[in-house]
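**Student:** Have a look at the structure that comes next, please.
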Amino acid sequence: MRAAVVRQFRQPLAVEERPIPTPGPGQVLVRLEACGLCHTDIHAINGDWPVKPGLPFVPGHEGVGIVERLGDGVHTRTVGQRVALPWLGHACGECRYCIDGRENLCEQQYNTGYAVDGGYAEYALADARFAAPVPDGVSAMDAAPLTCAGVTTYAAVKAAHVLPGERVAVFGIGGLGHLAVQYARLVGAQVVAVDVTEEKLELAVELGADHAVNAAETDPAVAIQHLGGADVAIVLAVAPSVFEQAFRSLNRGGRMILVSLPAEGTLTIPVFETVLKGISIIGSIVGTRQDLAEVFTLHAAGRTRVIAAPRDIRDVNQSVAEVLAGEVPARLVFVYDSAQPVEQPSREVNESSTFG
Ligand SMILES: [Zn+2]
Ligand SMILES: [Zn+2]
């Protein structure tokens, strides 16, 4: 199979042939149809964050494909089923966070395309329990960006407890932002899109944003205050100035939701204003399997639109450069069409297995 492999941080990926892996107990083998290029992949490729992936590795946590083979003990997925392989590739299922519905905070989790090989390949292995079923009516091309960009912004809107009629400012319109605008609209908010690129603002308005603010031309905090202030500011951009602008845009009782992960970043917040105005600062990391299921259900019901452009995995390095140059409308998605299905071997069912 073809795979794009990171052998050294901050170096071009190597596109190489690898053997198709064999699923172990509790795993599925997935033939990828598509995988989105998330900004987090670029951080992984560069080894930007304190906990780095082990080298070599295959990035990609927006992989979507067809289950080709089941490992021992897998009873909850079927061969031929379309599934998504999200960032949350595994959680323990037994800690306080897993039990109380916050599996995205599990300390035993491992992450797809980071701790284990991800979707920049024609095949990938996954923990069957975390290979999320993609409903009929959601294409692989659409499901890929929903698998990270969708679930992440959906969970951010949930974390903000947005009420109908509140004003939500979305800072950064791209892969995540174009979906954040739509989820904020779905819960009845007035939406202000903030970006420095006119085409992205036009896209946000097309997708339902009530107002667009070009932060390259005006101070967005002042512009948002002029509109009545933001009850919620969702930060999806990484420039240090954006965090400060988002804070200043908030009304009393406002919630600032931090989603983007700058390679280095410290937030300086005025304590006096935060206390007096009753402001909440909330970090939100991806979402749970249930969040992702809801994201897919909404999309199957026609409530969201995904804006993405296809790319060939052989052009992976060029695609990364396109994203870094800001030339991409929303999301790039690698599309695989050359992979051949593998034969399903006969398999003994292990009745004593604890998986599934
Ligand atoms: Zn991502
Ligand atoms: Zn856990």
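The values are calculated or read from the model by the stated rules, or taken from the named source; none is laboratory data. No experiment lies behind these values; they were computed from the predicted model shown. Cβ atoms come from the backbone with ideal geometry, glycine included; neighbour counts cover every protein chain shown. Side chains included, ligands, DNA and RNA excluded: accessible areas come from the protein's heavy atoms. Shrake-Rupley method; radii C 1.70, N 1.55, O 1.52, S 1.80 Å.
**Student:** For the range 158-201, name all the residues that are closer than 20 Å to I307 by Cα and assigned to a loop (DSSP other than H, G, I, E, B).
**Tutor:** Result: G172, I173, G174, G175, L176, V196, T197.
**Student:** Test each condition in (1) open to solvent by 20 Å² or more (accessible area, probe 1.4 Å); (2) away from ligand 2 (no atom under 16 Å from the Cβ) for E107 and report the one that comes out false.
**Tutor:** Only one criterion in (1) open to solvent by 20 Å² or more (accessible area, probe 1.4 Å); (2) away from ligand 2 (no atom under 16 Å from the Cβ) is unmet by E107, namely (2).
**Student:** Being at pLDDT 95 or above and under 20 Å from the mean Cα position of the chain (by Cα) narrows it down to one residue among A293, A263, A246; which is it?
**Tutor:** The match here is A293.
One line per residue, one yes/no per condition, for (1) out of contact with any Pro (no Cβ under 9 Å at 6 or more places or on another chain); (2) charged (D, E, K, R); (3) away from ligand 1 (no atom under 16 Å from the Cβ):
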{"site": "P59", "(1), (2), (3)": "no, no, no"}
{"site": "G73", "(1), (2), (3)": "no, no, yes"}
{"site": "V79", "(1), (2), (3)": "yes, no, yes"}
{"site": "C95", "(1), (2), (3)": "yes, no, yes"}
{"site": "R102", "(1), (2), (3)": "yes, yes, yes"}
{"site": "Q108", "(1), (2), (3)": "yes, no, yes"}
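**Student:** Ok, one more. Kindly indicate the residue of the range 158-179 that is open to solvent by less than 10 Å² (accessible area, probe 1.4 Å) and more than 17 Å from V196 (Cα to Cα) and also nearest to ligand 2 (Cβ to nearest atom) among those meeting that condition.
**Tutor:** The qualifying residue nearest to ligand 2 (Cβ to nearest atom) is A160.
**Student:** For the range 67-102, give me the residue count where each residue is open to solvent by 20 Å² or more (accessible area, probe 1.4 Å) and either over 18 Å from A143 (Cα atoms) or near ligand 2 (Cβ under 8 Å from one of its atoms) (or both).
**Tutor:** So the count comes out to 19.
**Student:** Continuing with this model, one more query. Looking at the range 272-299 only, could you name the residues that are assigned to a helix (DSSP H, G or I) and either among the hydrophobic types (A, V, I, L, M, F, W, C) or assigned by TED's automatic domain parsing to the domain that holds K158 (or both)?
**Tutor:** F272, E273, T274, V275, L276, L292, A293, V295, F296, L298
**Student:** Something else now. Can you name every one of the strands (runs of 3 or more DSSP E) wholly within the range 68-157 that holds 1 or more residues which are out of contact with any helix residue (DSSP H, G or I) (no Cβ under 8 Å at 6 or more places or on another chain) and among the hydroxyl-bearing types (S, T, Y)?
**Tutor:** 123-127
**Student:** Given the structure, is V170 over 18 Å from L261 (Cα atoms), among the aliphatic types (A, V, I, L, M) and at pLDDT 95 or above?
**Tutor:** No; evaluated as a whole, the condition is false for this residue.
**Student:** If you don't mind, another one. Among the residues of the range 36-59, what is the count of those that are in a strand (DSSP E or B) and either acidic (D, E) or closer than 22 Å to G172 by Cβ (or both)?
**Tutor:** Of the residues in that region, 1 qualify.
**Student:** Which ones in the range 204-230 are open to solvent by less than 30 Å² (accessible area, probe 1.4 Å) and touching a residue at least 60 places away in the same chain (Cβ under 8 Å)?
**Tutor:** L207, G229, A230
**Student:** Within the range 175-205, can you find the residues that are of a type in the set (A, V, I, L, M) and out of contact with any strand residue (DSSP E or B) (no Cβ under 6 Å at 6 or more places or on another chain)?
**Tutor:** Listed by number, the residues that qualify are L176, L179, L186, V187, V196, L203.
**Student:** Looking only at the range 224-271, which residues are among the hydrophobic types (A, V, I, L, M, F, W, C), part of a helix (DSSP H, G or I) and under 22 Å from Y183 (Cβ atoms)?
**Tutor:** Selection gives I224, V242, F243, A246, F247.
**Student:** Answer yes or no: is there a residue in the range 72-83 that is within 21 Å of K158 (Cβ to Cβ) and assigned by TED's automatic domain parsing to the domain that holds A34.
**Tutor:** No, because not a single residue in the range 72-83 is within 21 Å of K158 (Cβ to Cβ) and assigned by TED's automatic domain parsing to the domain that holds A34.
**Student:** May I ask you to list the residues in the range 234-269 that are open to solvent by 50 Å² or more (accessible area, probe 1.4 Å) and in contact with a Ser or Thr (Cβ under 6 Å, 6 or more places away or on another chain)?
**Tutor:** V238
**Student:** Here's a follow-up. Can you tell me which residues in the range 21-53 are away from ligand 1 (no atom under 16 Å from the Cβ) and surrounded by fewer than 18 Cβ atoms within 10 Å (Cβ to Cβ)?
**Tutor:** P21, T22, G24, P25, G47, P50, K52
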